[in-house]
Structures are given as structure tokens and as C-alpha cells.
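Notes to accompany the following structure.
The values are calculated or read from the model by the stated rules, or taken from the named source; none is laboratory data. This one's a predicted model, so the numbers in the text were calculated from it and none came from an experiment. In this analysis, Cβ positions are derived from the backbone assuming ideal geometry, glycine residues included, and neighbour counts consider all displayed protein chains.
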């Protein structure tokens with residue numbers, strides 16, 4: 001479990017805070033609010049434009065400026081590069097009890113302004129959404145069950161279904177079928193991957209769309225020789 005205090009001027013990323021790196025925030029990011037990507041169309045004979053929502057959101061960029069303080073700025077800068085480039089935990093926590101998931105870090109610039117003082121600018125490119133800091137794992141041996149998603153947006157899932165033969169998994173009327181299962185099959189909705197217990201792709205053995213958890217109640221039913229189902233997800237927020 002991650003249990004970090006929410007403090008002004010402190011961000012947590014990759015198992016360290018900016019203060020651990022002798023970085024002190026001088027300029028906070030302007031956080032773009034989420035809007036679904038849309039298409040504008042002009043229709044002949046119609047007043048005004050037609051706006052069509054396209055069903056997805058763009059990544060966001062969080063830009064920070066810092067003062068870097070220390071007796072050996074070049075050595076400190078090396079430590080910062082190590083922190084940002086060797087990522088074991090891509091959660092970014094900042095002014096919120098939720099987290100961003102970082103896709104890329106860009107160390108934009110460094111300028112020494114005094115013997116023991118420098119200016120650093122960097123950007124975090126993050127998923128469009130906020131997430132719970134911890135994943136939720138749901139496990140059941142039942143073929144009919146409910147999962148309640150408290151997030152405000154559909155959550156991606158990693159679903160591991162243990163069983164054999166041809167299996168169908170349905171959530172809120174959306175069905176995916178996986179044929180020729182042996183031991184278990186793993187379904188990753190974010191990466192749209194289906195692999196068997198040996199880590200080999202089973203994409204050619206699947207029919208239907210990958211399963212996400214709708215906001216609110218999710219009613220599952222499974223058909224086939226199934227002994228256990230595990231669902232891993234993060235509550236997701238716009």
C-alpha cells in the first residue's frame with residue numbers, strides 16, 4: 001500500500017519525492033481539463049457545425065519548474081536523471097489522493113544561476129485520467145458475480161480465467177469468447193492482448209471486444225469449464 005502525505009510543493013514519483021532530489025517547485029503545471037476528442041463537420045444547408053464525439057481522450061502534459069539546490073549541482077543533476085530515466089514505479093502523486101500514470105518524462109532544461117543554485121524544467125506526459133493509487137484485485141470461483149467500479153470512467157482490466165476448453169465471459173451484455181484454453185488465459189484490455197499460461201499469444205483464438213469495467217455495477221457471467229476468475233483494475237476518474 002502507498003500511504004503518502006499530500007503536501008503542497010511535493011510530488012512523488014518513482015519511489016522518491018522532488019525534495020529527495022533537492023528540487024523545490026517554483027512553477028506549478030497548468031493542468032488541462034479532460035475533454036473528449038471531437039470532430040467538427042460542416043453540413044450544407046445547416047446553420048452551425050455538427051460536433052461528433054470520437055470516444056477517446058488525449059494524453060496530458062504536466063510541466064514543472066524547480067530550483068535545484070546543493071553543493072555539487074552536476075552530481076545532483078546526475079541523480080535526477082537516474083530518478084527520471086530508470087522508472088520502476090510510474091505513478092505520479094501531486095496535490096491529490098489519486099495518481100497519474102506517467103508514460104514519458106522529458107527533462108527539458110537545466111541552468112545554473114549561482115554556485116549552489118540552478119533551475120530545472122521537466123515535463124511528465126501522463127495518461128488522460130486520474131487513478132486510484134492502488135490496484136484492486138477481485139477473485140471468485142463463481143461463474144456469476146458482480147463487480148462495482150466506484151470510478152467515474154470505465155476501467156481497464158487484466159482478467160485471468162482459469163479453466164479448459166472454450167470459454168465465454170460476459171460483462172453487462174458484452175461477450176468475449178476464448179477458445180482452446182489450457183490451464184488459464186490472461187486478457188489485458190489496455191494493451192488488447194490475450195495470452196495463454198505459457199505467455200504465448202492467443203489473439204487468433206478470441207472473438208469479441210476486450211472487457212472493461214463500466215462505472216457502477218458490472219454483472220458478469222461465464223460459460224464453460226471455469227474454476228476461478230481474477231480481475232485486476234484501477235478505479236479511473238475523468
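See the values below:
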quantity: Breaking point among (1) in contact with a helix residue (DSSP H, G or I) (Cβ under 9 Å, 6 or more places away or on another chain); (2) modelled with pLDDT of 95 or more, for residue 138; calculated: (1)
quantity: Of all residues in the stretch 62-86 being under 13 Å from residue 15 (Cα atoms) and surrounded by 14 or more Cβ atoms within 10 Å (Cβ to Cβ), the one that is nearest to the chain's Cα centre (by Cα); calculated: 84
quantity: Members of the stretch 195-233 found to be more than 18 Å from residue 165 (Cβ to Cβ) and part of a strand (DSSP E or B), listed by number; calculated: 201, 213, 216, 217, 218, 219, 220, 230, 231, 232, 233
quantity: Residue satisfying condition, being under 23 Å from residue 103 (Cα atoms), assigned to a loop (DSSP other than H, G, I, E, B) and either within 19 Å of the chain's Cα centre (by Cα) or not assigned by TED's automatic domain parsing to the domain that holds residue 81 (or both), within set 36, 30; calculated: 36
quantity: Residue tally, condition loosely packed, with under 11 Cβ neighbours inside 10 Å and closer than 28 Å to residue 93 by Cα, over the stretch 43-58; calculated: 2
quantity: Flag if residue 45 is at positive phi and either within 23 Å of the chain's Cα centre (by Cα) or assigned to a strand (DSSP E or B) (or both); calculated: no
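This table checks each residue for (1) free of Cβ contacts under 8 Å to residues at least 60 places away in the same chain; (2) not assigned by TED's automatic domain parsing to the domain that holds residue 175.
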position	(1), (2)
97	no, yes
103	yes, yes
106	yes, yes
113	yes, yes
148	no, no
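Yes/no per residue for (1) in contact with a strand residue (DSSP E or B) (Cβ under 8 Å, 6 or more places away or on another chain); (2) free of Cβ contacts under 8 Å to residues at least 12 places away in the same chain; (3) under 29 Å from residue 34 (Cα atoms):
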position: 174; (1), (2), (3): no, no, yes
position: 180; (1), (2), (3): yes, no, no
position: 183; (1), (2), (3): yes, no, no
position: 187; (1), (2), (3): yes, no, yes
position: 191; (1), (2), (3): no, yes, yes
position: 198; (1), (2), (3): no, yes, no
position: 204; (1), (2), (3): no, yes, no
position: 231; (1), (2), (3): yes, no, yes
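Results for (1) more than 24 Å from residue 154 (Cβ to Cβ); (2) buried (at least 16 other Cβ atoms within 10 Å of the Cβ), shown as yes or no for each residue.
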residue: 186; (1), (2): no, yes
residue: 198; (1), (2): yes, no
residue: 203; (1), (2): no, no
residue: 208; (1), (2): no, no
residue: 213; (1), (2): no, yes
residue: 225; (1), (2): yes, no
